[in-house]
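Here is the structure we will look at.
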Amino acid sequence: MVAAKHTKEEIFELLSQIVDPEIPAVTIEEIGMLQDVNITETGCEVIITPTYTGCPAMGIIEADIKALLDEHGIEAKVKLVYDPAWTTDMITDVAKEKMRKYGIAPPVNSSCGNITVAEREIECPQCGSQNTEVVSRFGSTACKALYKCNDCKEPFEYFKCH
Amino acid sequence: MTDINQLKYSYSLRLGDNAWILSHRLAEWCSNGPILEEDLALTNLALDLIGRAQGFYKYAAELEGKGKSEDDIAYRRNERQYFNNLIMEMPNGNFADTIARQLYVSVFEYYFFRELKNSKDETFAALAAKTLKEVKYHMAHAADWTIRLGDGTEESHKKMQKALNELWMYTGELFEMNDVDSELMAQGVSVDLSMLKPKWEQHIIDVLKEATLAQPEDIYMQTGSRQGIHTEHLGHILGDMQYLQRAYPDAKW
Ligand SMILES: [Zn+2]
């Protein structure tokens, strides 16, 4: 196979379809995991960064990237980097809104230094009430905490500042 | 390996082993947690630690340059080739025992990774910066529970105090240094552990005070892990953890 001539922008465009398997409402680009694409002799190298070191979705994301680019005749290598360390600041505002609609309270403002204070005013993604309380700092995945709404009584997940 | 790579390899292995063995212990809580939220919390911590171990093992393999994977390092060494601190392999015991272990370890790791993130080795610095964020949650979790149990019922107070006392003798070892430490320290790569001790101790005392618990007495400190000498518990952990790779080498999902 002759290496297809795809530009960096075209590859980014393709990769922007790939969603986070744990929050399918947002893409890996919107959440900030997709860091860079380098064009190489044989195809390309995709640089991704994990949200949490033990994020179990990384294997699936890597496979999704390779499969998608393979469909377009592009041979891809996926490289995992820890620097710059991912932070919730990398999540775009559009993605935060998508998260809320999906039922997950998005991280409030920036990557919080003080994890105990900032968790108090989390808005319920169902009814918008601020009368909520934390049930556990650890939820179904490493990046989320468990909350409950004292008004609509619904439990919900909060994407922690990180 | 060059001398410097050999030293970094040992250091990376030590950090990977600490995360890996503690992760295995915490994972043993899966489906055994006292409440559902705690079951999730403890296994979430375990997951962070697996990710951390993977990072340090990958780097160790890279430094060794023999084409090994992080899995080879995790699953194909014997007891004496592990360099995790003894406290990591201590059994879960009751919930208070696990919390005491978490408190001692996570406070240590908080101060440790805060320093390691300034390492002149870029990989160590990047892994440390990433780990530090996660360790803050581990520390908050352990401190919350220590206070809740210490300042709880008579029974929970008694169990928490007993757990803290029993594990205390494994904390001295966290600060032990050998040639690897001193030589890497000279190059700005590793952390001066002796500097961390007063900070760690003060932090623990503050938490215990709030929890109405007493600081355990210094009597005798266990040692051994820097030389790969372990308690009887590590062998049992490895027997469980490595069974599949040993019985069916190169098995794939
Ligand atoms: Zn609500």
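A few points about this structure:
- Flag if residue B:33 is under 18 Å from the mean Cα position of the chain (by Cα) and within 14 Å of chain A (Cβ to nearest Cβ): no
- Verdict on residue A:46 being of a type in the set (A, V, I, L, M), more than 16 Å from the ligand (Cβ to nearest atom) and in contact with a strand residue (DSSP E or B) (Cβ under 8 Å, 6 or more places away or on another chain): yes
- Residue check, residue B:38 acidic (Asp, Glu) and over 18 Å from the mean Cα position of the chain (by Cα): yes
- Residue ID - nearest to the chain's Cα centre (by Cα), chosen from residues in segment A:131-154 that are away from the ligand (no atom under 16 Å from the Cβ) and part of a loop (DSSP other than H, G, I, E, B): A:143
- Restricting attention to segment A:65-98, the residues that are part of a loop (DSSP other than H, G, I, E, B), under 14 Å from residue A:45 (Cα atoms) and in contact with a Cys (Cβ under 9 Å, 6 or more places away or on another chain) total 1.
- Residue within segment A:99-108 that is within 9 Å of chain B (Cβ to nearest Cβ) and either surrounded by fewer than 17 Cβ atoms within 10 Å (Cβ to Cβ) or farther than 14 Å from residue A:23 by Cβ (or both) present: no
- Residue A:69 satisfies every condition listed in (1) within 27 Å of residue A:158 (Cα to Cα); (2) away from chain B (no Cβ under 13 Å); (3) touching a strand residue (DSSP E or B) at 6+ places or on another chain (Cβ under 6 Å) except (1).
- Looking at segment B:55-149, the helices (runs of 4 or more DSSP H) lying wholly inside it that each contain 1 or more residues that are touching a residue at least 40 places away in the same chain (Cβ under 8 Å) and surrounded by fewer than 21 Cβ atoms within 10 Å (Cβ to Cβ) sit at B:70-75, B:95-116.
- The number of residues in segment A:21-64 that are assigned to a helix (DSSP H, G or I) and in contact (Cβ under 8 Å) with a residue 24 or more places away in the chain comes to 6.
Bear in mind these aren't lab numbers, they're just calculated from the coordinates by the rules spelled out. Source: prediction; values computed, not measured. No Cβ is skipped: glycine too gets one built from the backbone with ideal geometry, and neighbour counts run over all protein chains shown.
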